[in-house]
Amino acid sequence: MYEFDKRIVMTLDGGGTNFVFSAIQEHQEIVKSIHLPSNGHDLNLCLESIFLGFAKVKEQLSSEPVAISFAFPGPADYANGIIGELQNLKAFRQPIALGPILEEKFGIPVFINNDGNLYALGEALGGFLPEINKRLEAAENPKRYKNLLALTLGTGFGSGFINDGKLVWGDNGCAANIWAYRHKKFENCITEESVGAAAIKRLYAEFSGDFESQLTPKDIFDVADGKKNGDQKAAQQAFAELGEEAGNVIAHAISIIDGLVVIGGGISGAAKFFMPSLIREVNSQIRKLNGDCFPRLEMKAYNLEDDIELNEFIAPNQQYIEVLGSVKKALYDSSKRIGIAITKLGTSRAIALGAYTFALNKLDENKSF
């Protein structure tokens, strides 16, 4: 959809720390992206960053854009372009009509959505979902996937859900917001307490006993990797704890969604330290009151970052069984599988692609009235 559309949409990946501005045409980025600090602590400075970023993108364009479309973290009234009560951007602790402000400033329609939703849409259109289906086709495996749970591990814990190729928005724009699921180990806490940048710093401090250091999640990754001085065991344990809690949430969500899972965000680069515990948790067992154990999910989860598991996941597993009373045979797939992988498209790229498609779809919907 829209691969050959000549319309240009300016985009923004609005994170809690940094803003990344770009422009998309025909599913391709057509400008050099602009990176600016979010200045999320101050509303005026934050708005200045947004105005400047889009102005710099527009200077690079050879023709006028038809819309602005971008992602912002956290809950808001996205349908009406109202941002408010964001935890990661203190400037937006009260409702701000950001969409209408930008429409006045640039004179074109503005569409805002949750970053997890747009990330999911981008991965479904030009990232993980089509990539896996191409691999299945190449392996002569008739299985095709249509559903996708997309997660971002960054400043916080973002998510989005694609059902049969369509973004699930929800009646209140809250579908697939799994960051506030109940924590596995701390009953009255949200899952984001152990999934995200702040969680990694907290977990490392608790496991190491070092509450004074100012290590960033990247520093803690380097400690875990043996490239920086520190408590290596505690660093590895911090990422493993993140993986276990993320896996717990994935297991809950995927039992409803039943599809592939793709993980992006800055912390996804530490996959080698959190994926083993994540996969182990998703594939764990649960009990009945009588003590009987059975798999937590009907589907087996595969770590698609592992070549052996990837090849096993892609390999055909169908067989023909006889139809009683007939000479015909029916195709039977006895293996229920889901795959979990780290983004190859890149989080910002996927969000930009999702924002582009979302905007054009909304513009075309409005034409029909």
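Only the coordinates and a few stated rules stand behind these numbers; no lab work does. Since this is a predicted model, take the numbers as computed values, not measurements. Ideal geometry is used to build each Cβ from the backbone, glycine not excepted, and the neighbour counts take in all protein chains shown.
Relative to one another, the C-alpha centroids of the range 235-272 and the range 48-113 are positioned 29 Å apart. Can you give me the orientation-averaged projected area of the convex hull built on the Cα atoms of the range 212-318, in nm²? It is 9.5 nm².
Shown for the chain are the DSSP H helices of 20 Å or more along their axis, judged by Cα atoms, with a mean Kyte-Doolittle hydropathy of at least -1.0: 43-59, 232-257, 347-367. Taking amide H as placed 1.01 Å from N in the peptide plane, residue 228 has its amide H under 5 Å from the amide H of 223, each at least 5 places away in sequence or on another chain.
The per residue volume of the convex hull around the alpha-carbon atoms of the range 74-162 is 112 Å³.
Dimensions of the range 179-233 based on its C-alpha atoms, expressed as ranges along the principal axes with the largest first, amount to 34, 19, 18 Å.
Considering every alpha-carbon pair of the range 1-88, the percent of pairs per 10 Å bin, from zero through the bin containing the longest distance, is 17, 47, 30, 7. Whole-Hz Karplus values for the range 171-178 come out as 5, 10, x, 10, 4, 6, 7, 9 Hz, taken residue by residue from phi with 6.51 cos²θ - 1.76 cosθ + 1.60 and θ = phi - 60°; glycine and proline positions read x.
Close amide H pairs (under 5 Å, H built 1.01 Å from N) link residue 38 with 18, 19, residues at least 5 positions away or on another chain.
Peptide packing: for 11-20, 45-54, 27-36, the average count of neighbouring Cβ atoms within 10 Å per residue gives the ranking 11-20, 45-54, 27-36, highest mean first.
Sparse packing (at most 13 other Cβ atoms within 10 Å of the Cβ) combined with a DSSP loop state is found for the following trypsin sites (Lys or Arg not before Pro) in the range 287-364: 288, 328, 336, 344. Within the shell of other residues whose beta carbon sits under 12 angstrom from the beta carbon of residue 351, the net charge comes to -3, with Lys and Arg scored +1 and Asp and Glu -1. Compactness check for the chain: Cα Rg over 2.2 N^0.38 Å is 1.05. Restricted to Cα atoms, the range 128-344 shows a radius of gyration and a Dmax of 19.5, 75 angstrom.
The helix-only estimate of mean residue ellipticity at 222 nm for the chain, built from DSSP H runs of length n ≥ 4 each weighted as -39500 (n - 2.57), is -12000 deg cm²/dmol after division by the residue total. Annotation note: GluC sites (Glu not before Pro) in the range 133-241 located in DSSP loop regions with a Cβ neighbour count of at most 13 within 10 Å are 140, 187, 212.
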